[in-house]
Number of protein chains: 2
Amino acid sequence: MNKLAKDLKHAILDSGLKDGMTISFHHHLRNGDHVLNMVMDEIAALGIKDLTVNASSLFDVHKPLAEHIKNGVVTTILTDYMSSGLGSFISSGWMKNPVQFRTHGGRPADIENGRTPVDVAFIAAPACDPMGNLKGSEGRSACGSLGYAIPDAKNARYVIAVTDGLRPYPLTGWSIPETDVDAVVAVESIGDPAGIVSGTTKITRDPVGLRMAETAVDVIRASGLLKEGFSFQTGAGGASLAAAKYLKDVMLKEEIRGSFGLGGITGYMVDMLREGCFESLLDVQCFDLKAVESIRSDPRHREISATHYASPFAKSAVVDSLDVVILGATEIDTDFNINVHTDSDGRIMGGSGGHSDTAAGAKLAMIIAPISRARLPIVTDRVTCISTPGSTIDVLVTQKGVAVNPKDEELKLRLKDAGIKVMDIRELKELAEKTSGAPLKPAIGERVVADVIYRDGTVIDHIREVRA
Amino acid sequence: MNKLAKDLKHAILDSGLKDGMTISFHHHLRNGDHVLNMVMDEIAALGIKDLTVNASSLFDVHKPLAEHIKNGVVTTILTDYMSSGLGSFISSGWMKNPVQFRTHGGRPADIENGRTPVDVAFIAAPACDPMGNLKGSEGRSACGSLGYAIPDAKNARYVIAVTDGLRPYPLTGWSIPETDVDAVVAVESIGDPAGIVSGTTKITRDPVGLRMAETAVDVIRASGLLKEGFSFQTGAGGASLAAAKYLKDVMLKEEIRGSFGLGGITGYMVDMLREGCFESLLDVQCFDLKAVESIRSDPRHREISATHYASPFAKSAVVDSLDVVILGATEIDTDFNINVHTDSDGRIMGGSGGHSDTAAGAKLAMIIAPISRARLPIVTDRVTCISTPGSTIDVLVTQKGVAVNPKDEELKLRLKDAGIKVMDIRELKELAEKTSGAPLKPAIGERVVADVIYRDGTVIDHIREVRA
């Protein structure tokens, strides 16, 4: 007795998938993922229509989803992030129903509390046994943590593991146990290893980025949080990684032993673990091969579920215990609201991911961004889209100076005492406009193409169609 | 921000526990457990009444529960096992409501499917951080696996971790994550290490036991299951452990590499892992210190939840993939029904635990028992209580011969071919009666003191009051 289905088609038939149901996917294979497209093609061939796709993130590799939208196979999309390939298509107004953007914490919360039930979850499994015990850290398509897939598997009515790494029973060290899996499908390849780690960015060499990174570390030191037990998350952007590098140097020099590094984990965070800056890494997603190797072999480097990472519905999540997070922005306004969903032209090219979750949880939520990019101001009067409310952001670091949210009076004094150039955010805005000219108003229509749903379930903004 | 309650009393008050609710406990600290008594005394002092106690098992250390029953603090008990201390009290008819006996697989199933919801779960945590990430493998009260506590924590409305091993955040390698925990209470001691491993039994030196153990291994070899990929569970009784020892010798000599050992894990199973008989151990409960040390340090030795172990409500459980289980019995009847709940006098002194779950799952479910004990026949016409239905038992090994369930015609032929002395179970019964005299009918009354609920949720027997 085992759960091996003959092929993907039969697994889908066995699942009882019908018109109007919801299917889910996770994004650990990132831009190398083969599973979503493979599944959607099979579903389309079966003539199933009007599906809701709940995917933790969507990358350019998923552009073929546009055809399934046009053909009516997919009529609603729920996701936490959508890169510009599909985002641009959505922004043109092709979908009848608005995309529902959630956060990496809000998505598992809504799956668990029953707001967004999943009928059939598809789990890309780099290693899996015939009963469905599966993990991400081994196999030719190894991607490390499967944190975002865990709530899907736990809560979906039917769970199909798709694997190119079938192993003998029992596979131990599972990310997801057999108790949650209905069927296992063996396929030739679930992903392209090159694409799986495509998200990796190297430390910036741009002098503006390096200056911001240095300032970011100065701000962390001045905040008073950089001490024994310090915890930290940073994104995979070039300047954020540079900040991690500078931070490591300071921690080693000053012999500060932190407690944990969190998040999507890069090799830079692995270095910090190995060199003694942290006791552990808590990993919901690996960004590069060094992180994958580390989670496979180092017991201090642990997988966490998306729920454990960031769910506001859990009894607590790791973000609630986080000291400092460094985040990016495509726009920030004078109320410290952040846009990470759209480009300045209003087209979808991103999403919150864990942005609002970590900003809400961390004691110090820091944005690193230049005041302008490609002659477009980043600091502005009003963001095109509110991804993360300004009330959860503490400080903006730019190449021209640092702005502190007025709610953080004490932090402002600390930074000034440390000799950091603190400016009013409106000054930074004016500086940006002086350099780049006032921002062009994008050609935005009336029709809503996406709702931005904050981690507590409230709709905090709408994204509207962009006229060509 | 953390979840540390001032003390146990305040944690209980914060939980909103009220008259008529259900509280739960797990039994990894076995006869050394301090937590259940400590909690019950606090609850009684708060004047809360009419509670249902859902405990995965109850040992002699929990005899003080009798007073709380008499005082009306506890009016219903749900458990999988009850040793004679409390069992004898229950059998005397002290409780208004019958005890509900479930199995180690049926209990988590009914917690998860909502039949037996838990209001407040108390988790004995040998190591725990202030946010509730907790585990059993470290600390002065280390007990290894916390498998039975995992479904309680996941499903209870409110979860209180009681610990004598507070650790800095984040404790990694958690058995239960902070996402499931509401409050943490630090106490002086959660258990007596000597009692925690009190369940350990040494390999029998009794020649009858050794003979049965040898025969058991002969039966396993003859069954055809002892080959590459073999999986195995055995209890902690003396003859079962002796069988494990003989089995190890055979596997090593014949270079048979099994896949996994399952269950409550003893040091004998750890030896089998270390010497290469198994690829892994899947552990829902550690029976001795060697097992605790192994689960802490050897990544091939893995904790599994009670759900993963044996739940019939899960999409599959490990018992479904098990080859051979060796089980004990206080009585077995000519239909192969097994009693592990009552002694021959009809008094409660045990329970199914994982007995019926493994019997149902394993390809070969074997009972080892002498035909009589202390001049009382074990093989009988009709068991006093059906714990495990005969339809799930394949073979009985006694010191006088082996009986095969008539449903297993092929097995019977295999055993005969191997020169094993196969007898009709009725012959064994007659032999038992000849040796010991016909069994005395216990002085059983009418009143039902316990229901035996099979893993599928059906009541398969009642246990009645025993008149003094």
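If only residues of segment B:344-366 that are out of contact with any His (no Cβ under 8 Å at 6 or more places or on another chain) and among the hydroxyl-bearing types (S, T, Y) are counted, the one that is surrounded by the fewest Cβ atoms within 10 Å (Cβ to Cβ) is B:S344. Evaluation of B:A213 against the conditions (1) within 25 Å of the chain's Cα centre (by Cα); (2) away from every other protein chain (no Cβ under 14 Å); (3) open to solvent by less than 30 Å² (accessible area, probe 1.4 Å); (4) within 15 Å of B:P126 (Cβ to Cβ) shows that the sole unmet condition is (4). Within segment A:361-382, the presence of a residue that is under 20 Å from A:A243 (Cβ atoms), touching a Lys or Arg at 6+ places or on another chain (Cβ under 8 Å) and within 14 Å of chain B (Cβ to nearest Cβ) is excluded. Just to be sure before I move on: is A:T22 in the same structural domain as A:V118 (by TED's automatic domain parsing), touching an Asp or Glu at 6+ places or on another chain (Cβ under 6 Å) and surrounded by fewer than 23 Cβ atoms within 10 Å (Cβ to Cβ) in the structure I sent? When the stated conditions are applied, A:T22 passes them.
Among the candidates B:T392, B:T435, which residue alone is closer than 19 Å to B:F336 by Cα and polar (S, T, N, Q)?
Details: B:T435 fails: closer than 19 Å to B:F336 by Cα.
Answer to the check: B:T392.
Specify the residue that is least open to solvent (accessible area, probe 1.4 Å); the eligible residues are those in segment A:288-343 that are assigned to a strand (DSSP E or B) and within 14 Å of chain B (Cβ to nearest Cβ). Looking at the filtered set, the residue picked out is A:H301.
Among A:L46, A:L4, A:L29, A:L78, which is the only one that is closer than 18 Å to A:A156 by Cα and among the hydrophobic types (A, V, I, L, M, F, W, C)?
Numbers: A:L46 fails: closer than 18 Å to A:A156 by Cα; A:L4 fails: closer than 18 Å to A:A156 by Cα; A:L29 fails: closer than 18 Å to A:A156 by Cα.
Testing whether each residue is closer than 18 Å to A:A156 by Cα and among the hydrophobic types (A, V, I, L, M, F, W, C) leaves just A:L78.
Just the residues that are on the phi > 0 side of the Ramachandran plot and within 23 Å of the chain's Cα centre (by Cα), please, taken from segment B:126-155. Steps first, answer last, please.
Kept after step one, since they are on the phi > 0 side of the Ramachandran plot, are these residues of segment B:126-155: B:132, B:139, B:144.
Matches in segment B:126-155: B:G144 only.
Of the residues making up segment A:195-209, none is in contact (Cβ under 8 Å) with a residue 40 or more places away in the chain, more than 30 Å from A:K245 (Cβ to Cβ), away from chain B (no Cβ under 14 Å) and open to solvent by 50 Å² or more (accessible area, probe 1.4 Å). Applying the set (1) farther than 23 Å from B:G195 by Cα; (2) within 11 Å of chain A (Cβ to nearest Cβ) to B:I150 leaves exactly one unmet item: (1).
When segment A:253-287 is examined, which residues are found to be of a type in the set (S, T, Y) and within 14 Å of chain B (Cβ to nearest Cβ)? Steps first, answer last, please.
Kept after step one, since they are of a type in the set (S, T, Y), are these residues of segment A:253-287: A:259, A:266, A:268, A:280.
Those that are of a type in the set (S, T, Y) and within 14 Å of chain B (Cβ to nearest Cβ): A:S259, A:S280.
Considering only segment B:1-15, state which residues are away from chain A (no Cβ under 14 Å) and either over 20 Å from B:E178 (Cα atoms) or surrounded by fewer than 22 Cβ atoms within 10 Å (Cβ to Cβ) (or both).
So the first thing to find is which residues in segment B:1-15 are away from chain A (no Cβ under 14 Å), and the list is B:6-10, B:12-13.
Result: B:K6, B:D7, B:L8, B:K9, B:H10, B:L13.
When segment A:176-191 is limited to residues that are surrounded by fewer than 24 Cβ atoms within 10 Å (Cβ to Cβ) and either part of a strand (DSSP E or B) or in contact (Cβ under 8 Å) with a residue 60 or more places away in the chain (or both), the one that is farthest from the other protein chains (Cβ to nearest Cβ) turns out to be A:S189.
The residues of segment B:241-263 that are touching a Phe, Trp or Tyr at 6+ places or on another chain (Cβ under 9 Å), open to solvent by 10 Å² or more (accessible area, probe 1.4 Å) and not basic (K, R), listed by number, are B:I256, B:S259.
Listed by position, the strands (runs of 3 or more DSSP E) inside segment B:374-468 whose residues that are open to solvent by less than 20 Å² (accessible area, probe 1.4 Å), farther than 20 Å from B:G350 by Cβ and touching a residue at least 12 places away in the same chain (Cβ under 8 Å) number at least 3 are B:402-404.
Looking only at segment A:134-169, count every residue that is under 22 Å from A:S294 (Cβ atoms), of a type in the set (S, T, N, Q) and open to solvent by less than 10 Å² (accessible area, probe 1.4 Å) and tell me the total. Counting residues in segment A:134-169 that are under 22 Å from A:S294 (Cβ atoms), of a type in the set (S, T, N, Q) and open to solvent by less than 10 Å² (accessible area, probe 1.4 Å) gives 2. Note on segment B:365-413: residues that are under 19 Å from the mean Cα position of the chain (by Cα) and aliphatic (A, V, I, L, M) amount to 7.
Of the residues making up segment A:239-273, those that are in a loop (DSSP other than H, G, I, E, B) and touching a Leu at 6+ places or on another chain (Cβ under 9 Å) are A:E254, A:I256, A:G258, A:T266. Among residues of segment B:127-150 that are over 18 Å from B:D80 (Cβ atoms) and among the polar types (S, T, N, Q), those with a beta-carbon under 7 Å from a residue that is open to solvent by 10 Å² or more (accessible area, probe 1.4 Å) and not in a loop (DSSP other than H, G, I, E, B) at least six positions away or on a different chain give the pairs B:S137/B:I295; B:S137/B:R296; B:S141/B:P193.
The values are calculated or read from the model by the stated rules, or taken from the named source; none is laboratory data. Computed from a prediction, not measured in an experiment: that's the story for all the values here. Methodologically, a virtual Cβ is constructed for each residue, glycine included, from the backbone with ideal geometry; neighbour enumeration extends over all protein chains shown. Just so you know, the surface numbers come from the protein's heavy atoms only, side chains and all, with ligands and any DNA or RNA stripped out. Shrake-Rupley method; radii C 1.70, N 1.55, O 1.52, S 1.80 Å.
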